[in-house]
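These notes are about the structure you will find just below.
Nothing in this text is a laboratory measurement; each read-out follows from the coordinates by a stated rule. Note that the coordinates shown come from a computational prediction; the quantities given were computed from them, not determined experimentally. Neighbour counts run over all protein chains shown; Cβ positions are idealised from the backbone, glycine included.
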Protein chains: 2
Amino acid sequence: MGKIVRVDMTAKKVIVEEVPEKYQLLGGRALTSQIVHDEVPPTCHPLGPYNKLVIAPGLLSGTPAPSSGRLSVGGKSPLTGGIKEANAGGISSQELANLGIKAIVVEGRPREEGWYLLWLSPEGAELLPADDLAGKGTYEVTKICRQRFGDKVGVITIGPAGEMMLAAAGVTNNDPEGNSSRYAGRGGLGAVMGSKRLKAIVVDSPSIFDAPLKDPDRFKAAARRFADILHQHPVTGQGLPAYGTNVLMNIINEAGTLPTRNFRFGRFDKAAEVSGEKLAEVAVARGGLATHACHPGCVMRCSNVYPLPDGKVCAPIEYETAWAFGPNLEIGSLDIIGELNYLCNDLGLDTIETGVTLGVLMEAGVIPFGDGEAAIRLLKEVYQGTPMGRIVSSGAAAAGRIFGVTRVPAVKGQGLPAYDPRACKGNGVTYATSPMGADHTAGYAVTANILKVGGYVDPLKPEGQVDLSRNLQIATAFIDSTGLCLFVAFAVLDNPEGLPTILEMINAQYGTSLTAEDAMEMGKNILRAEREFNLRAGFTRADDRLPEFFTYEPLPPHNTVFDVPGEELDQVFNF
Amino acid sequence: MGKIVRVDMTAKKVIVEEVPEKYQLLGGRALTSQIVHDEVPPTCHPLGPYNKLVIAPGLLSGTPAPSSGRLSVGGKSPLTGGIKEANAGGISSQELANLGIKAIVVEGRPREEGWYLLWLSPEGAELLPADDLAGKGTYEVTKICRQRFGDKVGVITIGPAGEMMLAAAGVTNNDPEGNSSRYAGRGGLGAVMGSKRLKAIVVDSPSIFDAPLKDPDRFKAAARRFADILHQHPVTGQGLPAYGTNVLMNIINEAGTLPTRNFRFGRFDKAAEVSGEKLAEVAVARGGLATHACHPGCVMRCSNVYPLPDGKVCAPIEYETAWAFGPNLEIGSLDIIGELNYLCNDLGLDTIETGVTLGVLMEAGVIPFGDGEAAIRLLKEVYQGTPMGRIVSSGAAAAGRIFGVTRVPAVKGQGLPAYDPRACKGNGVTYATSPMGADHTAGYAVTANILKVGGYVDPLKPEGQVDLSRNLQIATAFIDSTGLCLFVAFAVLDNPEGLPTILEMINAQYGTSLTAEDAMEMGKNILRAEREFNLRAGFTRADDRLPEFFTYEPLPPHNTVFDVPGEELDQVFNF
């Protein structure tokens, strides 16, 4: 059932393989992490010939399961030096699943110059020369590919940053309208793709909802039930559909855990100016959209379409991006944020890492905090590959080293996202311990810390955060394997029917009889494989810590420090 | 006996402490590494308030023991993230010992702007404002300090690179003529000093040979015997005194292990042009010196004074520097090498790390191989603190990341020195496993691999290299603690009277009865403390490996790869 497309970039050969039995019931992150674990030498150079780039749709991708279009991208990260999985929406996951492709494995490295494109269609898989696409931004590459291969194709691509093998480069794919803005952004996997000299993968499937189902009727009933569960929850049924993820801006600001001025303060006086509410108002006034689906079949529709003053369109501006370029840099303008976001999308850069890096550069005094035009100027240098442009795209840790900055908010070399660990300590535990490096999506404790979803754990106290993060990390690893958007977790955490309904869909699709226990075991197995890879790559408990300034610099307004003890952090993976 | 000068840069307070019993018989590297081990949290930020800079003369420094003027500088390295000791000649070690100072410990970090100078004299220790020295090169700082405090003082200082906290910054001190060119260069300890905002330490002792001796007659007899031993060996008595360390250029080239063009080839067709023989010829013709002592009482006098065409004087050009800027960059001009060396001395940069970084930048195509003028231009950018200047000074690993280069010759983040590990495999073992990162001085297997000193181990075969490196690392750690120049090892390895005579001097000085076994135990204890620090800092066996390209890219002319198995490397510290 299904196949693996193996692309040898040294020999320029594509082989289509049967899926081994052991991978049959893995998808998304479970599959990328397991293949990386099984095939990549943990100590290899992330940009060398021994690393592999693995791309996989989730277990439910390509079916009518609501919001199941996530695409996982994995490999050894040039940013963290550890295993990496980053996932994104967009249409490629559904297209891949409908072509029967469980994974693409890109390996080796060309010895000579030249760029390539992998074309996947019902006729097979073919590696084509793509020198004409080299140097181009992702918007243009996607446009050219849609002209060349048809406007229904999914285009998985990298921008100039990935070609230059810069450690903040992501892998993007497009939404239904052709916007190359759905990023598997974190961890520099775009640089890995660049190191293989693979500029783009074009996925051309005639269908997107027709992945094989063992029991279609049972599946459809479960999918309908799952859509209802999502509709009924206030976050997935109301908050996200109304204002998208940026509905969080005012909430996190109010909670006093909105990292401002490179993690100096927990509130930003211009938060409302860059909030989801404001975004919706401006977007609609300019003929954009306050709500939008990043892939067909999403019921949450948390994306948006934000027209920029110059006529360009940024779709979407996510909360974490609005934070990275907004409060984090003391920039209170959605238009500046949108411009920086658009540039990152086109350059092929992770917006979070780039925003954190710009914050470190502002901390160093390279440009002033609040100076949006200067930030845009720095970012545009990436197109030219200037030394500064390269620094901006190499991650916060590298920028901190180059500019002698000690206040670098990064764990395992990856920049911290939009929730300060001193006033949302559950997220702090996740940042410190996730095999992915600092990553809010790896165990989103904002749920119980701030939103009171799935219970409540006081965000300012160390107690209970380790258990919270552990449970979330396990559940997340499972969700990341299904192809479901992680946001379904809001509803699943509060509705006892949530998880059984997901399992009902999987069981109906594959003819299996997975239980909730199996699901949690799958989550644990993923984390075990990822931890084992990192262990062999040289990670220790010393890597499972936050930067020291979070332990001695209190965060206003709550004036708390991060005080979850190291010995407790070491208990996160005690299963 | 002796005292520790503890400088609290947060409070701007100097405290002079008695030396605890446990440190009484430690000196140099033994003392810096033990204090760092005992007092510095291994996971702290190297440029943050919790790191400490420790400076210590050796056990024999300040006595008439020949060639005993090495000064050790230690701390947590911003380059490697591990423990670091770097040592240098120059006059400060002898001055410190004659003031009865066993160690200077610089701790804390000022919260406000401003630079400081520590003045040590028979009257005591005083912290003085030094804003007028900020931004100045080391030559000028040393000149000003000698004008201000007298021309006999030792000036321990950092250049602009250290002030900017760049990871390739070293700590320098001056030779008897006032040249600030004796570098504790490796590992970025200059950046640690910069992070403390300590621009310089002025050591003003009325004597340099009068450190207390329990039994002066016995000591003098042993010292005379030791001088004889050094005079009698061909390397310490003839090779080094005639042509300095750069006598190695032709030898290492002939051996086919001279890393050329960023470690692509093992021979350089212009090696003779940049050799010690050529250097002596040019230096003497221009009124310089082919031979020179970096501190009073050195009998090997392996330093030199090389006048540059524009009238500046570079003293000395060492072999590793000539290699780093010569064969490594395919530059065949001693004048270019001298100019780059002079710039590094003035900027306060480690020449090896800077040369390896320039090699990586040439590999990236930033400037062409062989283009000396372009290299000088890049290096001069450090004065301005441009992005490129900062990259040049941040180490090869950071430059590799910024420019997407996979052929980065570095271990634990520190660039490899002047002996290719594929054709001098004993050095490869040392590079891989030393707690210091890639460091030829930590276990100089060139002795038995190439020079046939202390036996012979075939440099091209993996057999015997682990034992060779282990023994040398232990012996080196001991030597590094005595204040003796490591070059005495050439004679000591071949003369059974060597080690007993060193111990006789120590025993006569301290009234002890140390045996050869005690000396080796001291060496082992140092390595144990350093390894334990690194372990707690997060190092694993994955860090004890060479970059992967050395394992699959054969080095001409011998066409060997580095093939000492990982499991054997893990046995280096099995004592």
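Overview of values
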quantity	calculated
Computed over the protein assembly as shown, the ratio Rg/Rh where both radii use C-alpha atoms and Rh is Kirkwood	1.00
Rg ratio (alpha-carbon, reference 2.2 N^0.38 Å) - the range B:244-294	1.26
Extension gain from residue B:384 to residue B:18, taking 0.36 nm per residue of separation minus the Cα-Cα distance	127.5 nm
Phi-based couplings in Hz for the range A:70-87 (Karplus 6.51, -1.76, 1.60; Gly and Pro marked x)	6, 10, 9, 10, x, x, 7, 7, x, 7, 9, x, x, 6, 9, 9, 10, 10
Table column - 3J(HN,Hα) (Hz), the range B:492-500, Karplus curve with 6.51, -1.76, 1.60, x for Gly and Pro	5, 5, 9, 10, x, 7, x, 5, x
The range A:244-419: equivalent-ellipsoid semi-axes (sqrt of 5 x gyration tensor eigenvalues, Cα, Å)	25, 18, 14
Point-charge dipole on Cβ atoms (K/R +1, D/E -1) for the range B:246-419, about Cα centre, debye to 20	360
Value of D in µm² per second that Stokes-Einstein yields for the range A:3-203, Kirkwood Rh from Cα pairs, at 4 °C (1.567 mPa s)	81
Spatial extent of the range B:219-338: Rg and Dmax, with the Cα atoms as the point set, Å	15.4, 50
Modelled FRET efficiency - R0 60 Å, residue A:214 with residue B:38, Cβ distances, 0.05 increments	0.40
Extension gain from residue B:335 to residue B:273, taking 0.36 nm per residue of separation minus the Cα-Cα distance	21.3 nm
Euclidean distance between Cα centres, the range A:1-51 to the range B:196-212, Å	60
Derived scalar couplings ³J(HN,Hα) [the range A:398-412; Karplus, 6.51 cos²θ - 1.76 cosθ + 1.60; whole Hz; x for Gly, Pro]	5, 4, x, 5, 5, 10, x, 9, 8, 8, 10, x, 8, 10, 6
Ranked packing of B:269-279, B:143-153, A:51-61, most packed first, by mean Cβ within 10 Å	A:51-61, B:269-279, B:143-153
Volume per residue of the C-alpha convex hull in chain B, rounded to whole Å³	125
Residues in the range B:407-442 reached by a label modelled at residue B:563 [backbone nitrogen below 20 Å; 7 Å Cα→Cβ]	B:420-432
Projected-area average for the range A:137-277 over all orientations - Cα convex hull basis, square nanometres	12.1
Long-range HN-HN contacts of residue B:302 with modeled amide H, under 5 Å	B:292, B:294
Separation of the residue A:571 and residue B:134 label points, Cα + 7 Å toward Cβ, nm	4.7
Leading residue at positive end of dipole, chain B (Cβ point charges), from B:271, B:440, B:232	B:440
Alpha-carbon Rg/Rh ratio, for the range B:309-376, with Rh computed the Kirkwood way	0.93
Radius, Kirkwood style, for the range A:96-212 when every pair of distinct Cα atoms is counted (Å)	14.2
Shielding by partners - mean other protein chain Cβ count within 10 Å, residues of B:383-391	5
Label geometry 7 Å along the beta-carbon vector: residue A:570 inter-copy distances in nm	2.0
Distance histogram for the range A:200-273 (every C-alpha pair counted, 5 angstrom bins, percent rounded to whole numbers)	3, 12, 12, 11, 10, 12, 11, 9, 10, 7, 2
Whole-angstrom gap from the range B:56-74 to the range B:433-502, using each part's C-alpha centre	19
Per-bin percent of Cα-Cα distances, the range A:110-173 [5 Å]	4, 16, 27, 28, 16, 8, 2
Size of charge dipole - the protein assembly as shown - debye, nearest 20, with Cβ of Lys, Arg +1 and Asp, Glu -1, no other charges	280
Pairwise label distance in nanometres, residue A:151 with residue B:284, each label 7 Å out on the Cα-Cβ vector	8.3
Fraction of the pair-distance distribution of the range B:413-496 above 20 Å, Cα-Cα pairs, percent	25
Where only C-alpha atoms are counted, convex hull volume of the range B:484-575 per residue in Å³	160
Residue of chain B whose Cβ sits closest to the axis mapping B onto A, with distance in whole Å	B:387, 2
